[in-house]
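Below is one structure, written out as structure tokens; comments come after it.
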Amino acid sequence: MKGIDVSEHNGYVDWDTAKAAGLQFAMIRCGYGGDIESQDDAQFERNVSECERLGIPWGTYLYSYALTTDNAKSELAHVLRLLEGKHPQFPVFIDMEDADDYKAKRGMPDSETLTEIMKIFCSGVKDAGYLAGYYVNLDWYKNYINPEELSDYLFWYARPGLDEPDKTCSIWQSEFPGTGGSWDGANISSGGCDMDVSYVDFTTWKQDNT
């Protein structure tokens, strides 16, 4: 299945155009960090509403700034608040990276702590009745977390520019704007869009496996 992931940085997505271009699913950012309304993604509600109007299956992700397990609990509360009354067909992911060096500048947690943060988030999401998973790139997979401890959860793998992923994953983030990713209706102002491939049709998988 061919999909994209979007946030407020993609601006006002033209979902009719995106669907007409063959879009089969969307991963929509709900926000970032702890449970503070100002950290909700400004386009989340509209993006979800548009996907549901057009019958585009969607999931969501929260960009993590967690440094402690208490931070993880607040991030879990954040995503659950935003999902109240909603029914995503695709998984709910914690996006674990450090694109703006927030963690590095404040003391990067060790792999045990980072993994525990992800487990708290994922277990809470799963307990709430959603499919749960984690998003990392190759560097984080190899050097920052203990993926063997996360085997109960789905893996969204950021590894653009390859013909196919070099790790087993449920969803592969195959292109960034800078590596050729583009989708009509959803490109950021500077051009391009994150593109994804799902190896699982979660619209039926959820029914068969929960």
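Among the residues making up region 120-148, those that are out of contact with any Pro (no Cβ under 9 Å at 6 or more places or on another chain), in contact (Cβ under 8 Å) with a residue 40 or more places away in the chain and of a type in the set (A, V, I, L, M, F, W, C) are 120, 121, 128, 140, 145.
If you go through region 81-112 and keep only what is in a helix (DSSP H, G or I) and either under 18 Å from residue 46 (Cβ atoms) or touching a helix residue (DSSP H, G or I) at 6+ places or on another chain (Cβ under 7 Å) (or both), you end up with 81, 82, 83.
Could you tell me whether any residue of region 157-177 is acidic (Asp, Glu) and surrounded by 16 or more Cβ atoms within 10 Å (Cβ to Cβ)? Walk me through how you get there before you give the answer.
If we filter region 157-177 for residues that are acidic (Asp, Glu), which is where we start, we get 163-164, 166, 175.
If we keep only those that are surrounded by 16 or more Cβ atoms within 10 Å (Cβ to Cβ) too, we end up with 175.
Scanning region 157-177, I find at least one residue that is acidic (Asp, Glu) and surrounded by 16 or more Cβ atoms within 10 Å (Cβ to Cβ), so the answer is yes.
When restricted to residues that are within 21 Å of residue 27 (Cα to Cα), touching a residue at least 12 places away in the same chain (Cβ under 8 Å) and out of contact with any Ser or Thr (no Cβ under 8 Å at 6 or more places or on another chain), region 73-96 contains 6.
Take the conditions within 21 Å of residue 97 (Cα to Cα), in contact (Cβ under 8 Å) with a residue 24 or more places away in the chain and either part of a strand (DSSP E or B) or not small (Gly, Ala, Ser) (or both) and apply them to residue 172. Does it pass? Before the answer, list the steps.
Values: within 21 Å of residue 97 (Cα to Cα): yes; in contact (Cβ under 8 Å) with a residue 24 or more places away in the chain: yes; either part of a strand (DSSP E or B) or not small (Gly, Ala, Ser) (or both): yes.
When the stated conditions are applied, residue 172 passes them.
Within region 114-167, being assigned to a loop (DSSP other than H, G, I, E, B), under 20 Å from residue 88 (Cβ atoms) and not hydroxyl-bearing (Ser, Thr, Tyr) holds for 128, 129, 131, 152.
A quick yes/no check of all residues on (1) in contact with a strand residue (DSSP E or B) (Cβ under 6 Å, 6 or more places away or on another chain); (2) at pLDDT 95 or above:
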site: 111; (1), (2): no, yes
site: 126; (1), (2): yes, yes
site: 130; (1), (2): yes, yes
site: 162; (1), (2): no, no
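Just so you know, in region 1-32 the residues that are in contact with a strand residue (DSSP E or B) (Cβ under 7 Å, 6 or more places away or on another chain) and part of a loop (DSSP other than H, G, I, E, B) include one that is surrounded by the fewest Cβ atoms within 10 Å (Cβ to Cβ), and it is 22.
One line per residue, one yes/no per condition, for (1) of a type in the set (A, V, I, L, M); (2) under 19 Å from residue 174 (Cβ atoms); (3) out of contact with any Phe, Trp or Tyr (no Cβ under 8 Å at 6 or more places or on another chain):
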{"site": "3", "(1), (2), (3)": "no, yes, no"}
{"site": "9", "(1), (2), (3)": "no, yes, yes"}
{"site": "21", "(1), (2), (3)": "yes, yes, no"}
{"site": "26", "(1), (2), (3)": "yes, yes, no"}
{"site": "41", "(1), (2), (3)": "no, no, no"}
{"site": "44", "(1), (2), (3)": "no, no, yes"}
{"site": "51", "(1), (2), (3)": "no, no, no"}
{"site": "92", "(1), (2), (3)": "yes, no, no"}
{"site": "97", "(1), (2), (3)": "no, yes, no"}
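The values are calculated or read from the model by the stated rules, or taken from the named source; none is laboratory data. Given the structure is predicted, the values throughout are model-derived calculations rather than measurements. A quick note on method: Cβ atoms are made from the backbone with ideal geometry, for glycine too, and the neighbour counts reach across all protein chains shown.
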